[in-house]
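Worksheet: one structure, shown below.
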Amino acid sequence: MVQANWQDQLIAHVQNLIQEYNIHTVRLTITDNSNIIRSRFVPVRAFLNAIQGGAAAQYPSALLAVDSSAELVPAAGEGYAGGFPSFMLLPDLSTFVVLPWLPGTARVIADLARPDGSLWEAAPRQVLRRVLQRLESRGYTLKGAFEFEFYVLQKPGPESAHRPVWQGLNCFADSVQIGLTDIFTAIIKGLEGIGAGPEVANTEYGPGQFEITNAPFSGLAVADMAVYYRTSIKEILHQLGYRATFMAKPFPRSSGSGGHFHHSWLDERGENAFYDPQAADGLSRLCRRAIAGQLAHAPALCALANSTINSYKRLRPYYFAPVNASWGYEHRCTMLRVPFARGAQSRLENRLPAADTNPYLAVAACLAAALDGVEKELEPPPPVVGQNPYELSELPPLPDSLPAALAALEKDEVLREYLGEEFCRNFLALRRREWVRFQEHITDWEINEYLELI
């Protein structure tokens, strides 16, 4: 009865928003296993008729078996024998937002259901939901947020196809930022308009690079808002005549873009379970075990947090990205950074994910690894203090390529059990097909290096 009343209240809330903002189109959004955000545009009348029954549109399941190039990978699903039936899009009305930069348009995140009504267990959002349920069964709630960096480029012109909107490396400098106020203002207003809670905005350490942090959320909303954050910024800047990219390493000699995951767990009283005022460093035993679990599963975790070929060009020394399974207090060169804040603000920052990460999978993997550390009562190795982690050969290295990370995931029985075998089979098939395509591609570097020489 409580769930029914809550759903009725959500429907009434959405109906009021549609009327108040004269909504004519609703975009139903999913994030697939190739980390592509896809939408179906539904007229508002059809949407209102559908939400009473649950499904607002159908979705061709063949699209769930395509990689980032839209090439069909039959192994990433039931193949041709399965017939590629239509799935259903079930809107989660708690994610319904009006888009202030697109008058008359709203967006809602949907779950994927099979024809029999059961949720598709390999969907990234469903994978995260299952891991969150295991966290909640232990009496904890996730609180967290992603911290994304991204590049803003001019629209392609006759001089250059990838020209950053500002040059140099002087991040935070007003001499640079004063010419970018249209970008800052539009993004901040847009993110505030959808409730994303932007906090701080500035240029970053790369020509054309930006960072805008947002407030923390709880549970599934942590990843939902990360999806909204990226799509909103790309749409807003497109309207201004710019292009935004969350590619991990778009330029070879510039900083990569991180998608750092800040997180803590709240106990049943709503208090931060990572904080212990009696501990010398203020970290609870639970927090230390969560650290140990993430470090222990770092190679497999890497496959979920860095799921593109390009992601591994960011994981290089001296670019403020991790290269080994390490942790430290306020250390921005380790995989896990413990910010100085304590009390309600105690948290971990996992710096492994790139900006191109799939938020659902990155959160699910981090939580699964941390939960394993808690369940097995693991203890972390000593933190990196007063040392350069890039020079510590004794620290376990991270995978240096996508195939190496995928191999680690395939061997990690714990993470596979948490994430689900159906998901792992689909995910591994899609990523390995992308690697095959990459290996078949002749790069400009190869042409420049060998064509005339040999």
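The values are calculated or read from the model by the stated rules, or taken from the named source; none is laboratory data. All values reported here derive from a predicted model rather than from experimental measurement. Virtual Cβ from ideal backbone geometry, glycine too; neighbours counted across all protein chains shown. Keep in mind that these areas ignore ligands, DNA and RNA; they rest on the heavy atoms of the full protein, side chains included. Shrake-Rupley method; radii C 1.70, N 1.55, O 1.52, S 1.80 Å.
Counting only residues that are within 22 Å of GLY193 (Cβ to Cβ), open to solvent by 50 Å² or more (accessible area, probe 1.4 Å) and at pLDDT 95 or above, give me the strands (runs of 3 or more DSSP E) lying completely in region 28-107 with at least 1 of them.
In region 28-107, 37-43 are the strands (runs of 3 or more DSSP E) which contain 1 or more residues that are within 22 Å of GLY193 (Cβ to Cβ), open to solvent by 50 Å² or more (accessible area, probe 1.4 Å) and at pLDDT 95 or above.
Hey, ASP444 hits all of (1) at pLDDT 95 or above; (2) under 22 Å from PHE251 (Cβ atoms); (3) not polar (S, T, N, Q) but one; which does it fall short on?
Only one criterion is unmet by ASP444, namely (1).
Just to be sure I understand the filter: pairs with C-beta atoms under 8 Å, separated by 6 or more residues or on different chains, first member in region 239-261 and basic (Lys, Arg), second member open to solvent by 40 Å² or more (accessible area, probe 1.4 Å) and not in a loop (DSSP other than H, G, I, E, B). Which pairs pass?
Hits for this filter: ARG243/GLN154; ARG243/LYS234; LYS249/LYS313.
Quick one: would you say ALA46 is free of Cβ contacts under 8 Å to residues at least 12 places away in the same chain and on the phi > 0 side of the Ramachandran plot? Show your work before the answer.
On the way: free of Cβ contacts under 8 Å to residues at least 12 places away in the same chain: yes; on the phi > 0 side of the Ramachandran plot: no.
For ALA46, the condition - free of Cβ contacts under 8 Å to residues at least 12 places away in the same chain and on the phi > 0 side of the Ramachandran plot - is not met.
Just to be sure before I move on: is GLY195 touching a residue at least 24 places away in the same chain (Cβ under 8 Å), open to solvent by 30 Å² or more (accessible area, probe 1.4 Å) and under 16 Å from PHE146 (Cα atoms) in the structure I sent?
The answer is yes for GLY195.
Which of the numbered conditions does GLY343 fail, given that it passes all the others? Conditions: (1) surrounded by 22 or more Cβ atoms within 10 Å (Cβ to Cβ); (2) farther than 24 Å from VAL414 by Cα; (3) not acidic (Asp, Glu).
(1)
Give GLU422, GLU413 a once-over and let me know the one that is open to solvent by 90 Å² or more (accessible area, probe 1.4 Å), of a type outside the set (A, V, I, L, M, F, W, C) and under 18 Å from VAL131 (Cβ atoms).
GLU413
For region 167-187: of the residues being crowded, with 17+ Cβ neighbours inside 10 Å and without any contact (Cβ under 8 Å) to a residue 40 or more places away in the chain, which is nearest to ARG243 (Cα to Cα)? Please lay out each step first, then the result.
Quick first cut of region 167-187, residues crowded, with 17+ Cβ neighbours inside 10 Å only: 171, 176-177, 180, 183, 186-187.
Among the residues that remain, those that are also without any contact (Cβ under 8 Å) to a residue 40 or more places away in the chain are: 171, 176-177, 180.
Details: CYS171: 19, VAL176: 18, GLN177: 17, LEU180: 14 Å.
It comes out as LEU180.
Note down all Cβ pairs under 7 Å where the first residue falls in region 86-100 and is under 14 Å from TYR228 (Cα atoms), the second is in a loop (DSSP other than H, G, I, E, B) and open to solvent by 20 Å² or more (accessible area, probe 1.4 Å), and they're at least six residues apart or on different chains.
Final answer for the pair search is VAL97/GLY195; VAL98/TYR21.
Given the condition assigned to a strand (DSSP E or B), open to solvent by less than 30 Å² (accessible area, probe 1.4 Å) and either closer than 27 Å to ILE309 by Cα or in contact (Cβ under 8 Å) with a residue 12 or more places away in the chain (or both), answer yes or no: does some residue in region 115-125 qualify?
no
LYS143 passes all but one of (1) open to solvent by 50 Å² or more (accessible area, probe 1.4 Å); (2) more than 30 Å from GLY270 (Cβ to Cβ); (3) in contact with a Pro (Cβ under 8 Å, 6 or more places away or on another chain); which number fails?
LYS143 satisfies every listed condition except (2).
Please determine, by comparing only the residues of region 388-406 that are touching a residue at least 60 places away in the same chain (Cβ under 8 Å) and in a loop (DSSP other than H, G, I, E, B), which one is most open to solvent (accessible area, probe 1.4 Å). Give the derivation first.
Going through region 388-406, the residues touching a residue at least 60 places away in the same chain (Cβ under 8 Å) turn out to be 389-390, 392, 395-402, 404-406.
Now restrict to residues that are in a loop (DSSP other than H, G, I, E, B): 392, 395-396, 398-401.
Details: LEU392: 28, LEU395: 34, PRO396: 73, LEU398: 18, PRO399: 16, ASP400: 106, SER401: 30 Å².
Only one residue fits best here, namely ASP400.
Taking the conditions exactly as written (open to solvent by less than 40 Å² (accessible area, probe 1.4 Å) and farther than 19 Å from LEU28 by Cβ), does LEU132 satisfy them or not?
For LEU132, the condition - open to solvent by less than 40 Å² (accessible area, probe 1.4 Å) and farther than 19 Å from LEU28 by Cβ - is met.
Just a yes or no: is a residue in region 258-280 surrounded by 21 or more Cβ atoms within 10 Å (Cβ to Cβ) and farther than 25 Å from GLU136 by Cβ?
yes
Can you tell me which residue in region 300-318 is nearest to LEU419 (Cα to Cα), limited to those that are surrounded by fewer than 20 Cβ atoms within 10 Å (Cβ to Cβ) and of a type outside the set (Lys, Arg)?
Result: ILE309.
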